[in-house]
Each structure stands twice: as C-alpha cells, then as structure tokens.
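This report refers to the structure that appears directly beneath it.
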Amino acid sequence: MPEPTPITTTGRTFAASHLYTQPEAHSQQEWEAMAQQLFDAGEMFLAHDHARVGLEAAFPDSLKLKQIAAAALVQVGAIEEAGAILEPLCPDVGLDEGTIDRVFEVMCQTMSLLPRDLGTVSLTPQDRETLARFISELDRAGESLRPGPAVNEEILGLLARIHKERWKSTRNPADGQRARKMYLRAFRQTGGYWTGINAAGMSRLLDGPQAFDRPLAERILQLCEQQRPGAEAKAERDDRGASRDLYWILATIGEGKLLLGDEAEASAHYRRAVGLARGQGWSDGIVSSLRQLRLYRDHGLPVPDELFDLLKPPPVVVFVGHMIDQPGRTPPRFPPGLEPAVREAIRAKLDTLDARIGYSSAACGSDLLFVEAMLDRLAEVHIMLPFRQDDFIKQSVAFAGENWIGRFRRALRFANSVKYVTTESYLDSIDLFDLGARIFQGVAILKARTLETQPHLLAVWDGQVNNLIGGTGEFVSKWRDEGRKHVIDLADLLNNHQPDARIVQASANIAPVPRVEAPPAAFPEPETPRRRPRVTKTLMFADLVGYSRLEEDQVPFFMHEFLEAVAGRLKGLPEQPRFVNTWGDAIFAVMDRAIPIARYALALRDVVRDTDWTGLGFAEMNVRIGLHAGPIFEGDDALTGRTNYYGSHVNRAARLEPVTVPGHIYASEQFVGLLLSEQADPASRADDIHCEYVGRLALAKRFGDLSVYHIRGRSSLPLAAGAARRPCP
C-alpha cells in the first residue's frame, strides 16, 4: 500500500478539495490512514470531513472512519453529534427490569401448562397463545443481549467518555450509569486497564465508598502490575512511547490504590509517574490525572493535598515591560546602562516563580530580556506581535541599534510559537499594541486553564499610570489577581543605578532610524491623505442553515415575522452592535468589545434553536456563527450613505462562518484572546461565557487557516412565547 500523502499544518499540502476526489479510487486502508494522519496532526475539521466523505461515498461500514469522525467531533466540543455516530454501533447490552418482569410473568404462566403426566400433553388454543407469548418475550430479551458490531476498545471508551461528559454537565444519574456501563463493557470485551479503571472510578462516584466495585479495582491493579515490567524495560531503552505507556500504568495503579483507600501507595505511584512525565517534558498526562483527582475530590472521595501539590501544573507567566529609552529621552526611564540590572531582576523573579511557559511581545528592552531569560531556562516561549514583522522592527526595535535587531531575530527563531494580531502593515494603528497585549494575555489565560491553573503577571514597570493606550501601566492596573501580580520596580532600579559613562555616551550617539524616501508618485498626491486609520472591532457573521429549503411563499414570513421577532429579542441585550447588516440568510454585526458580541451571538443562536420550526410548518433550521476581532477600516459608503466596515479581517470573519458546525459558535484566536482579557478585567462580569480549543481550521474559499475555538454559554434572554426550549451544546 502506498504511503499517504504527507501533511504539513503550515503549508497545507492537503487541500480541502482533495476530500472530494473519488474515494473509490483509493482503498479503504488508504482512506482510513489519511483520516488518522489528519487527526494526529491536529486537523480535526479536515479529519472529520475526510472520514465523513469516505463513509458517505465508498466505505459506509468502516468502523475506523466512524471512530475518527466521532473523535474529531468530541475534540471540537460537538458531543451530541459524536454520540449520534457512535451510539448505533454500541446499543445497550443487558436486560432492564421491565423486560425481566415480563419474561418472568409469561414463564410462570407457561409453567402452569405443564401436565403432571408428560405422556398426556394436549394444548388448547389459549395454551398455544401463552407459549407463543413466552417465545416472543424470550426473543426480545435475546435481542437486548446481542452486542452489535465487534467494536474496539477505543470506540467503546470514546462513547463512555461522551456519556461521562454529559453526566458531568447535567449531573443526570442515568448518564453516569451509561458511562460506567460502557466502560465496563469495554473492559470485559478487551481487558484494557484504562477502561477498567474508569469503570471502577465511575462506580466509586455513583455508588459511594461502601457499594462501589472494589473487586474490579483490585483486578485492574493486578493487570497493571503484570504489564509494568515490560513497560519499564522498554522505557529504560529511552523509548518515548513506552515511557508514556509506563506513565499511564503507574498513574492507574495510583488511582486504583486511592479508590481502595491506600493513600500512601497512591502517592508513591503518582510521584514516580509525574517524575517520568516531567523528565520527558510531557504535561498532558499530568493534567489529565489532575482533572480526575479533582473530580473525585468534588464528589467526596478523600484525596491527599500532597497529590495536588505533586501534580501541580507548570507555571504560566504573562510578561509586559518598558522598552529601552529612545535616544534623548528626558528624564530617562530605561537607559541602556540599566540593562544588566533589569536582566538580573527578571531572572531572579523567574527562578522564584519556577516559570516554565511564557507569553510576551518582543520589543527591545524588557520584552527581549524576558524572552532570553526564558530560553536560557529551556522554557516554552510564545511571542505575539501586533503587526507585520518588518514594521514592528521599525517601530519597536531598530532605534536601539543593530544589536537589538539581531537579538529580536534570534528570539523569534527559538521561540515555540510566533503569532500575529494581524499580518498586515502597521498603518499608524497605534491601538494594535494594546490589542496585541490583550490577546496574548487571553491566550495565556486559556493555556493556563488547559493546565488547570492560572497565569502570573510579571511586569517591568516604573509605577506610572498614564493615558497611553496599551501601555505597561494600563496593563498592570487591569490585572485582576493581585496574588499573581509581580512587579519589578524600574524606577527603583534606576534610582540605585550608577551609570557607566561609556554606555551613556554610546546611547547618546545612537542615531534615529533613517526614513526611506518614497519613489516619485505616478499620480499627484491628493490634498487629503489616501491612508485611512483602522479601528479595532469585534465581528460576527451568521448564516441560517436550511434557508435554501424554504418555499417561495415562506420567504416573506422569514424575512418579516421571524427576523422581526429575532430583532425584538436581541434588542433586550444591554449592548447593541454599532453596525448590523443582513442579506438573505446572512447577518453581519460589528461591536467594540468581545463580551457584548459574544452575548449577541449566543442570543441569536438561542433564538434560532429554540424556535419550533416544524410547528410553524417549516423544515428544521439551524445557525452557524463565526466571531473574529482585528483592525478594520470604517467609513461612509458613498452609495448608501451609511457607515460601513471593510478590510482583510472582515473577509476573514466571513470565511470562518461557512465552515462552522451548525448550531455552534466558533471564534478565532484573536477574538478569544480579547474575550478572556476582558473577562480578566476586575470590572468584568462574564464568567458564564466559556471557550475551548478546537484546532487549526481551513477557511472557506482557500482563505488560509487559523486557530479556532468553540464558544459556549447561553444567553439570559427570556424564551419567546411559543418557543420550545431545546438543549444547547
């Protein structure tokens, strides 16, 4: 079998159009291998689409494609959609009380027909009817016991996880029982310890300490001890895969010991597992174990504080600070001669915090000193630039000299990631600095949440709060968590600094970056500049799924009565868009901040989903919503006389919406960063809006790709009269 085409997440060698080449031209194994490769590369949407096309066009019985499609949906938060794929493969196996009672009743009636003398059997028509009922009930019971397709442990475990996530959300005991039942079925069918320990854990959560399945927990411990020597031998040969296997074996033993009440042995095994993971620089397993322990603690299982300390996630640090002084700055704030003192202060703080993950910009001075210190610690470094790299060098690096430009380029080369608020030019958009700082703050908050922790703020600050948009002082003053705010007093360092005369003189000799003269214009310059300033806005594009199925006589109802009802409900929100436009089934809205437009999007989604479309005589309808934030142009439309908005980021928002799962709201990383930054403001009250990472999503019309997040929540608008409330994801 030929190797599947390699995938690069940056170069997009796997075009979306490849999904629709003829599947029958490939073998089922090839199609499954490509779907798995996409999933492993983190391309969840493409993995789902590829699997779906294969199932619909050529391989409808492929369990592998169904598994990958469902797993991709789980990763993007579409739990119900994933369940719809897997539940038909895994029907409930077992007899409910009603079935047992019916069989027993008919069995008793049948036994009463048995004659004392078996040689004189004579059945009346009524007797035959009783026997037929008995056979029928037995057949129904047998149908309930048939296991369905020979599904594997991954499919069973994935469906069990879906039930478990429902239970965690709804606290409905039936969902918890289904999760336990599915985990137990997977264990009995495959003997895998990971589904077994989850079955035992769900039993402990649902049944309590006295009634839970202790023999199952003991059986899992035996299995892990049997597999442990082989995994240890492979891990000693520096096999990273085997090291991960050994982590899960040790963590499972620790979890089993905890369920059985042996806290000392639980701690010992978790300690060894964590040491193994940290040695490999792997935190996913630690975070997963931490979440499970928190779930146990929240449901009354005693968990030693030592375990939470042991599984403490790596500290995340958000950094802001002042640049090196531009030549001739009076009075000085951060003269070049102060660099060694600032460097040492940053390094000392990072040692104290044990910083492992950092988020920052990369201006000359404090930013680059922080990045260099983190790189020296072999820590993760993530850099956010507000606009195109060359423009950023001109604005925030070059004035300090060639040395700083070289350090800037080195920082970007060795950073774990470099992201941009916008890849377009600066265009005199000074508020991009503020937007960049807020976005990397939000991204850091999100990263910390995935690690079950909260970020620290480290700032190099002179203590002055001025009116500069996006300045260090403004950023520090809005940081909510005082206990995680760490300030290096730049003014104090300056007061205690004895300047080196040679450095001061060298600083004074730094010449400003020369301006490059523009070539003669082909056309005379207009009296007013052609360049228009950009403004930072949040954007929403929405599209109604099912609109194209409306009959001609139904369109007026939709355009007038339904949209009027939608508008009436959305006007109940405290903040309204500064601009709204509709055409057909599409809605475009613009606002200043992320929280209000997220609430607007949630309210729109709820109105559409809560409408009883079939009761109104329509086919079922749904809505796709995409959210984005960025710098856009604002100006009057000469034809309509209305203010309008345009630019590349409007186009990007428009390309996100068509590839969103119906009934869901997806947002760009820029939007989510801004949203979380606003939520971190002490004045904010928006903790009911949540977001989860989806993955890299290829946008419509080959408009590139971007990191996408799932926005969750429900609007607080009252339900419209006559609407039928339905659950939201």
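For residues that are in contact with an Asp or Glu (Cβ under 9 Å, 6 or more places away or on another chain) and crowded, with 20+ Cβ neighbours inside 10 Å, tally how many sit in region 167-179.
The total comes to 3.
Taking into account only those residues within region 113-133 that are of a type in the set (A, V, I, L, M) and part of a helix (DSSP H, G or I), which is modelled with the highest pLDDT?
Residue satisfying both the conditions and the ranking: ALA132.
Look at region 555-574 and say how many of its residues are over 26 Å from PRO596 (Cβ atoms), exposed (fewer than 14 other Cβ atoms within 10 Å of the Cβ) and either among the hydrophobic types (A, V, I, L, M, F, W, C) or in contact with a strand residue (DSSP E or B) (Cβ under 7 Å, 6 or more places away or on another chain) (or both).
Residues meeting the conditions: 1.
Give me the pairs, please: first residue somewhere in region 181-198 and closer than 11 Å to LEU216 by Cβ, second residue anywhere and basic (Lys, Arg) and assigned to a helix (DSSP H, G or I), beta-carbon distance under 8 Å, and either six or more positions apart or on two chains.
As it stands, the answer is GLY196/ARG219; ASN198/LYS164, since those pairs meet every condition given.
When the residues of region 387-416 are filtered to those that are outside any helix (DSSP H, G or I) and out of contact with any Pro (no Cβ under 9 Å at 6 or more places or on another chain), which remaining residue is nearest to TRP282 (Cα to Cα)?
The extreme case among them is ASN416.
State all residues of region 611-657 that are in a loop (DSSP other than H, G, I, E, B) and polar (S, T, N, Q); if no residue qualifies, say none.
Initially, region 611-657 is screened for residues in a loop (DSSP other than H, G, I, E, B), giving 611-613, 617-621, 637-642, 647.
Hits for region 611-657 are THR611, THR640.
Please go through region 489-503 and pick out each residue that is at pLDDT 65 or above, out of contact with any His (no Cβ under 7 Å at 6 or more places or on another chain) and either of a type in the set (A, V, I, L, M) or outside the structural domain of HIS322 (by TED's automatic domain parsing) (or both).
Result: ALA491, LEU493, LEU494.
Results for (1) among the polar types (S, T, N, Q); (2) modelled with pLDDT of 75 or more; (3) buried (at least 18 other Cβ atoms within 10 Å of the Cβ), shown as yes or no for each residue.
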site: HIS18; (1), (2), (3): no, no, no
site: THR21; (1), (2), (3): yes, no, no
site: GLU32; (1), (2), (3): no, yes, yes
site: HIS48; (1), (2), (3): no, yes, yes
site: GLN67; (1), (2), (3): yes, yes, yes
site: ALA72; (1), (2), (3): no, yes, yes
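Where in region 221-299 are the helices (runs of 4 or more DSSP H), entirely inside, with at least 1 residues that are at pLDDT 90 or above, within 21 Å of GLY208 (Cα to Cα) and of a type in the set (Phe, Trp, Tyr)?
Once the helices (runs of 4 or more DSSP H) in region 221-299 are filtered for at least 1 residues that are at pLDDT 90 or above, within 21 Å of GLY208 (Cα to Cα) and of a type in the set (Phe, Trp, Tyr), what remains is 284-298.
Within region 433-450, does at least one residue satisfy the condition of being touching an Asp or Glu at 6+ places or on another chain (Cβ under 9 Å) and of a type in the set (Asp, Glu)?
For region 433-450, residues touching an Asp or Glu at 6+ places or on another chain (Cβ under 9 Å) and of a type in the set (Asp, Glu): present.
Of the residues GLN464, GLN454, GLN441, only one is surrounded by fewer than 17 Cβ atoms within 10 Å (Cβ to Cβ) and either in a helix (DSSP H, G or I) or of a type outside the set (Phe, Trp, Tyr) (or both); which?
Details: GLN454 fails: surrounded by fewer than 17 Cβ atoms within 10 Å (Cβ to Cβ); GLN441 fails: surrounded by fewer than 17 Cβ atoms within 10 Å (Cβ to Cβ).
Step by step, each of GLN464, GLN454, GLN441 is checked, and only GLN464 is surrounded by fewer than 17 Cβ atoms within 10 Å (Cβ to Cβ) and either in a helix (DSSP H, G or I) or of a type outside the set (Phe, Trp, Tyr) (or both).
Residue by residue, here is whether (1) at pLDDT below 80; (2) among the small types (Gly, Ala, Ser); (3) assigned by TED's automatic domain parsing to the domain that holds GLN177 holds:
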site: GLY77; (1), (2), (3): yes, yes, no
site: LEU86; (1), (2), (3): no, no, no
site: PHE104; (1), (2), (3): yes, no, no
site: ILE135; (1), (2), (3): no, no, no
site: ILE155; (1), (2), (3): no, no, yes
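Out of PRO331, PRO302, PRO313, I need the residue that is surrounded by 15 or more Cβ atoms within 10 Å (Cβ to Cβ) and not charged (D, E, K, R). Which one?
Being surrounded by 15 or more Cβ atoms within 10 Å (Cβ to Cβ) and not charged (D, E, K, R) holds for just one of PRO331, PRO302, PRO313, which is PRO313.
For ALA363, work out the one condition from (1) touching a Phe, Trp or Tyr at 6+ places or on another chain (Cβ under 6 Å); (2) assigned by TED's automatic domain parsing to the domain that holds GLU380; (3) not polar (S, T, N, Q) it doesn't fulfil.
ALA363 satisfies every listed condition except (1).
Taking the condition free of Cβ contacts under 8 Å to residues at least 12 places away in the same chain and not in a loop (DSSP other than H, G, I, E, B), does ARG343 pass?
Considered against the rule, which asks whether it is free of Cβ contacts under 8 Å to residues at least 12 places away in the same chain and not in a loop (DSSP other than H, G, I, E, B), ARG343 comes out as no.
Residue by residue through region 580-602, note down the ones that are under 22 Å from PHE558 (Cα atoms) and either modelled with pLDDT of 90 or more or of a type outside the set (A, V, I, L, M, F, W, C) (or both).
Matches in region 580-602: ASN581, THR582, GLY584, ASP585, PHE588, ALA589, TYR600, ALA601, LEU602.
Kindly establish whether ALA379 is in contact with a Gly (Cβ under 9 Å, 6 or more places away or on another chain), in the same structural domain as ILE488 (by TED's automatic domain parsing) and among the aliphatic types (A, V, I, L, M).
For ALA379, the condition - in contact with a Gly (Cβ under 9 Å, 6 or more places away or on another chain), in the same structural domain as ILE488 (by TED's automatic domain parsing) and among the aliphatic types (A, V, I, L, M) - is met.
The values are calculated or read from the model by the stated rules, or taken from the named source; none is laboratory data. The structure presented is a predicted model; accordingly, all values stated were derived computationally and were not measured. In this analysis, Cβ positions are derived from the backbone assuming ideal geometry, glycine residues included, and neighbour counts consider all displayed protein chains.
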